[in-house]
Amino acid sequence: MPVITCIDDLKRLHKRRVPKMFYDYAESGSYTEQTFRENTSDFAQIRLRQKVAVDMSGRSTAGTMAGHDVAMPVALAPVGLCGMQHADGEIKAARAAEKFGVPFTLSTMSICSIEDVAAHTTKPFWFQLYVMQDEDFVDAIIERAKRAKCSALVLTLDLQILGQRHKDLKNGLSAPPKLTLPVMLDLATKWRWGLGMLGTKRRFFGNIVGHAKGVGDTASLMSWTSEQFDPKLDWGKIARIRDQWGGKFIIKGILDEEDARIAADFGADAIIVSNHGGRQLDGALSAIRMLPSIVRAVGDKVEVHMDSGIRSGQDVLKALALGAKGTYIGRSYIYGLGAMGEAGVTRALEVIRKELDTTMALCGERDVKALGRHNLLIPEGFEGHWA
Ligand code: GLV
């Protein structure tokens, strides 16, 4: 078992063990990848304020996210095609999350279905919804999530049309992969992955294949999004979905103060400040740069969460200190999943919790809920004047 000390170690193993097509899918941003890069480089601009000679015993990272108790305010973000990073990937990640005590969010574009994940876990997970044109499909999947006892609906608003990721087109991304010569040559060096896939039947988009109609190539994410996702999604339709769901409701993909105000007045339990990990609007500002102004605008009305760019416990601390009440990791746990399955997801969570805990101590804090602006050193003009 290799010694894993940081998320980057998992990323290196992920790259070595998972077919290029799926590693690239996870590791891409859209177009020039400017926003993808800045999501992480902007975190690095924020520094931490060291405090000494304060009692740092009895620390706690526990808190709540949208009314759920969490071992630390870090949920697993919805990520498409997890079951292609590792056989039965969504089940493995959900099990790691439930044992650790953090929420797992199942993507609409998952390989294992809602029912399958529910059958292999013991605690409720969250379900992320993409709104499709086929209203019957949307009604049915909401009912399926209710029947599976999902404890929150996370509605993603920033992917009604897919931002182009060049590598996915060049690699011919599909689930399962089509066995072209370059794919077969690549698979020859990824035997662990291949053995896992031979041992499972879960190789298709489990929530949608057989449930939604009208897509040319059912193995292609690009075809699903362009042929099925609803380009007319608006706040009226969102209200209908909120009412139909009737449970905890989280709106994901807010990056603008005006949108945040609308979402806050909407009775959402939380909003997620996010640019989809830099995978959608290339040229958008990083999520961490947008977070403070959105917290100022709506933080007293709605719980503000954030994702996009978190690769360490230090990043989690920075987001919480800037006012986020919860954070999400996507790639950081996918590296673990691709590297080592369930054990890798657990390792990713352990790494992040240890970093968060140690960093809290060195900042002179004992309780994650007490983190605030006073823990940070932020360069003048960090938020910028963008008009
Ligand atoms: C979502 O499914 C994505 O590929 O970003």
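What to note about this one:
- Sorting the segments 63-73, 271-281 by their mean number of nearby beta carbons within 10 angstrom, highest to lowest, gives 271-281, 63-73.
- Translational diffusion of the stretch 31-73 was estimated from the Stokes-Einstein equation, with Rh taken as the Kirkwood radius over Cα pairs; at 25 °C and 0.890 mPa s the coefficient is 173 µm²/s.
- q = 0.10, 0.17, 0.20, 0.21 Å⁻¹: log10 I(q)/I(0) that the Debye formula gives for the stretch 5-108, counting C-alpha atoms only: -0.43, -1.12, -1.30, -1.32
- For the chain, the membrane-span-like helices by this rule, meaning whole DSSP H stretches whose C-alpha atoms cover at least 27 Å of axis and whose Kyte-Doolittle mean is 0.0 or above, are 331-362; this says nothing about an actual membrane.
- Normalised by the number of residues in the stretch 7-377, the mean separation of alpha-carbon contacts (under 8 Å, six or more apart) gives a relative contact order of 29 percent.
- Normalised by the number of residues in the stretch 82-214, the mean separation of alpha-carbon contacts (under 8 Å, six or more apart) gives a relative contact order of 33 percent.
- Counted over the stretch 149-249 with a bin width of 5 Å, the fraction of Cα pairs per bin, in whole percents, is 2, 9, 15, 17, 18, 15, 11, 6, 4, 2.
- Net charge of neighbours whose Cβ lies under 15 Å from the Cβ of residue 35, counting Lys and Arg as +1 and Asp and Glu as -1: -3
- Accessible area of the chain belonging to carbon and sulfur atoms, whole % at 1.4 Å probe: 54 percent
- Counting only protein heavy atoms and a 1.4 Å probe, the chain has 41 square angstrom of accessible area per residue.
- Charge sum, other residues only, whose C-beta stays under 10 Å from residue 90's C-beta, Lys/Arg counted +1 and Asp/Glu -1: +1
- Neighbourhood charge, 12 Å Cβ-Cβ cut-off, centred on residue 120 and excluding it, Lys, Arg +1 and Asp, Glu -1: -2
- Sorting the segments 321-327, 95-101 by their residues' average number of neighbouring beta-carbon atoms within 10 angstrom, most packed first, yields 321-327, 95-101.
- Convex hull volume per residue for the chain, taking Cα atoms only, in Å³: 131 Å³
- With Cα atoms as the point set, the stretch 92-163 shows a radius of gyration and Dmax of 12.4, 36 Å.
- Taking the DSSP bridge list for the chain and keeping only pairs wholly inside it, about 20 percent are antiparallel.
- Using a Förster distance of 30 Å, the FRET efficiency for residue 266-residue 380 (Cβ separation, nearest 0.05): 0.30
- Stokes-Einstein translational diffusion, the stretch 286-340 - Kirkwood Rh over all Cα pairs, 0.890 mPa s, 25 °C, in µm²/s: 208 µm²/s
- Value of Rg to Rh for the stretch 222-378 (Rh from inverse mean 1/r over Cα pairs, i.e. Kirkwood): 1.00
- Computed label-point distance, nm, for sites residue 373 and residue 300 using a 7 Å Cα→Cβ extension: 1.4 nm
- Between the stretch 53-123 and the stretch 317-387, the alpha-carbon center distance in angstrom: 16 Å
The values are calculated or read from the model by the stated rules, or taken from the named source; none is laboratory data. Keep in mind that what you see is a predicted model, and the values were worked out from it rather than measured. Cβ: placed from backbone, ideal geometry, glycine included. Neighbour counts: every protein chain shown. With ligands, DNA and RNA removed, areas are computed over all heavy atoms of the protein, side chains included. Shrake-Rupley method; radii C 1.70, N 1.55, O 1.52, S 1.80 Å.
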